[in-house]
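Accompanying notes for the structure given below.
The values are calculated or read from the model by the stated rules, or taken from the named source; none is laboratory data. Bear in mind the structure is a predicted one, so any value in this text is a computation, not a measurement. A quick note on method: Cβ atoms are made from the backbone with ideal geometry, for glycine too, and the neighbour counts reach across all protein chains shown. In case anyone asks, the SASA skips ligands and DNA or RNA and just uses the protein heavy atoms, side chains included. Shrake-Rupley method; radii C 1.70, N 1.55, O 1.52, S 1.80 Å.
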Amino acid sequence: MKHRIPLRKRLLVRLLTASALIALCSVAATAWLAVATTTSALKEEQGQDLATDSGILAQLSGYAATHPDWSRAAPTVRALAARSGRRIALTTADRTVIADSAGRGTPLPPRPAANVDPLHTDTYSEPGAQSSGIDPRAVGPYRLPAAERLHVDALARKRQLCYHAHGIQVTVQRLPSGRPVLVGPDGEDSVAYVPPECADGLLNTPTATENKALAALTARTRVCLDRQGLVLGAPLYLSFDATGKDLLSLRLVVKGKERAGDATEEAGQNCARGARRAQLDPYVAPTAQLFLGIGDRSAPRFDMSPANNAKVAGAAGLVLVVTVAVTAVVAGRLVRPLRALTEAAQQPPDLHVRVAVTTRDEAGILAEAFNDLTERRARLEAQRKAMVSDIAHELRSPLTNIRGWLEVARDGVVHPDAALLGSLHDEALVLQRVIDDLQDLAAADAGTLRLHREPVRADELLDQVAAAHRVAADAADVTLHTAADAALWLDADPVRIRQVLGNLVSNALRHTPADGTVTLAARRADDAVVLTVADTGTGIAPEDLPHVFERFWRAEKSRSRRTGGSGLGLSIVRQMTVAHGGSAEAASEPGQGAVFTLRLPSAQPPSGAD
């Protein structure tokens, strides 16, 4: 019966839906990527603009630190504007223009970008800015005259040569005040190790100009301290470090006791900073406001006009149409073989319809698998019918014999003597053996076969099987041998393995002529134990060898009990071996006998075993 597939569950519809979703996701992802990339570019450009703005502020702060006014700042402003591409304007606090790179009458931006004040500068506007916020280029009265500069330069060269003599490489750098400093190999302003011969202290000693400026600063600081009511009990010590960047120390002695690290020292430091700003104020330009514009550069922007929106929508629609068209063609080719498979699968089992394989893709592989499955189903159906016929045949003969003897005994034709009862008992044993074999096979197929595994010694196992079949071997005039390597142990159920070997030995005795030999052997192979049952009988034909482990299969088609058993013995051999985690194989040459090989897991001997 054919079932109509709902439209929403059809493979073609699902593929089309998936393709449409994929296309939509692709368009959305592309748009997101474009926006993200553009945003990143804008942020990067903004970062560059910030760096440019910081450079402009630093250069203008340097100009203010070295000039007492802004009267000559216009050329500097125009040069900076030309290099940066920005509009630069300087005004006073009341928006009076000092210098502007734009034309006269151009309105200023709504708010200033920063204040240019070398005495209160941002510490990041210029590398080396003092912690007090004073631009390091603002030196004022600390600038060395030419004579003092020549003197300290000579001292710097002398100390540099002394360092070189001790293997220390230093270079000389000049500060804005004109004072030279030695820079170590790590780029620091001071050298980590100073040889005693070089530590004469002359280079760090303030010059006359610096002492004069330092004395004036000390006087200003004392005035500030007096206004705050701090009475000094000793002279005020105030000095600068060798680099001239900041105050080196400020020692306050109040009422004869040194005070450090408390509010008194903090007040003194504040007074010293204020005094330094007041000292430098006449030498620097007054505070100015800095205005920055975009200049001649055009700012990046998105032009999402209706025309551009239409272009985006058209491109997205075209992608969708192409995706759906390609998917429809591909899906049609995929669905065609699937439909053929569906129609073939819906046919009755006895038709065994094959599907033509037209492609080598997944659909073609699926068609081949379906054809193989159909063939296996046909073989299994044939085997099932043959098995039912074989079971009926195996059960019919003993049941017929039992029924016949019971009927003639009931009718009084024969007397139920011991011989008759023995014959009936033999037929019942045949029935019981067939039923037991079928039960074992059914349990093995269902996975319910119970195994009681334990370490079993291989040579003892072979001796037990040989002893159980010694009488049958003597009656058939067949020699039964055993050969096993010493101390081989199996991990197996001894009862089941004896049953397996018993089936093989019985089969070998049945097909071995008089004066023949049946050999049971055991040997080690890697981590397994290999058991073999070899005979010198008639052997198995090559065309029959692949079927020896099939149920109810016999090479002798007459099914005579004289030449064969029930046809289940070798099937039980294979099932029992597989249940132990092993394997069973058969090899034979016609006229040279057969060899059955069982590979079973080995075991460690139990403690105390020989």
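Among the residues making up the stretch 74-94, those that are among the aliphatic types (A, V, I, L, M), in contact (Cβ under 8 Å) with a residue 40 or more places away in the chain and open to solvent by less than 70 Å² (accessible area, probe 1.4 Å) are A81, I88, A89, L90. Can you confirm whether V191 is among the aliphatic types (A, V, I, L, M), modelled with pLDDT under 85, open to solvent by less than 60 Å² (accessible area, probe 1.4 Å) and over 30 Å from D281 (Cα atoms)? Spelling it out, V191 is indeed among the aliphatic types (A, V, I, L, M), modelled with pLDDT under 85, open to solvent by less than 60 Å² (accessible area, probe 1.4 Å) and over 30 Å from D281 (Cα atoms).
Surrounded by 14 or more Cβ atoms within 10 Å (Cβ to Cβ), at pLDDT below 70 and charged (D, E, K, R): does that describe D350?
Values: surrounded by 14 or more Cβ atoms within 10 Å (Cβ to Cβ): no; at pLDDT below 70: yes; charged (D, E, K, R): yes.
It is false that D350 is surrounded by 14 or more Cβ atoms within 10 Å (Cβ to Cβ), at pLDDT below 70 and charged (D, E, K, R).
Within the stretch 194-217, if we keep just the residues that are open to solvent by 50 Å² or more (accessible area, probe 1.4 Å) and either of a type in the set (S, T, Y) or touching a Pro at 6+ places or on another chain (Cβ under 8 Å) (or both), the residue that is modelled with the highest pLDDT turns out to be K212. Residue pairs whose Cβ atoms lie under 6 Å apart, sitting 6 or more positions apart in sequence or on different chains, and linking a residue in the stretch 574-586 that is open to solvent by 40 Å² or more (accessible area, probe 1.4 Å) to a partner that is in a loop (DSSP other than H, G, I, E, B) and of a type outside the set (A, V, I, L, M), are R574/F549. Take the residues in the stretch 576-606 that are of a type in the set (G, A, S) and in a loop (DSSP other than H, G, I, E, B); name whichever of them is farthest from Q499 (Cα to Cα). Ranking the candidates gives G591 first.
Is there a residue being out of contact with any Gly (no Cβ under 6 Å at 6 or more places or on another chain), at pLDDT below 90 and under 30 Å from C271 (Cβ atoms) anywhere in the stretch 169-176? Yes, the stretch 169-176 contains a residue that is out of contact with any Gly (no Cβ under 6 Å at 6 or more places or on another chain), at pLDDT below 90 and under 30 Å from C271 (Cβ atoms). Among the conditions (1) surrounded by fewer than 17 Cβ atoms within 10 Å (Cβ to Cβ); (2) under 49 Å from the mean Cα position of the chain (by Cα); (3) farther than 22 Å from Q575 by Cα, the only one that A525 does not satisfy is (3).
List the number of the failed condition for I5; all other conditions in (1) at pLDDT below 75; (2) not in a loop (DSSP other than H, G, I, E, B) hold. Looking at each condition in turn, I5 falls short on (2).
Taken over the stretch 141-169, the residue count meeting the criterion of being over 16 Å from N204 (Cα atoms) and open to solvent by less than 20 Å² (accessible area, probe 1.4 Å) is 0. Would you confirm, using the coordinates I've provided, whether V13 is at pLDDT 90 or above and either under 48 Å from the mean Cα position of the chain (by Cα) or not in a loop (DSSP other than H, G, I, E, B) (or both)? Against the criterion (at pLDDT 90 or above and either under 48 Å from the mean Cα position of the chain (by Cα) or not in a loop (DSSP other than H, G, I, E, B) (or both)), V13 does not qualify.
What are the residues in the stretch 500-522 that are open to solvent by 50 Å² or more (accessible area, probe 1.4 Å) and of a type outside the set (D, E), if any?
Initially, the stretch 500-522 is screened for residues open to solvent by 50 Å² or more (accessible area, probe 1.4 Å), giving 510-511, 513-515.
Result: R510, H511, P513, A514.
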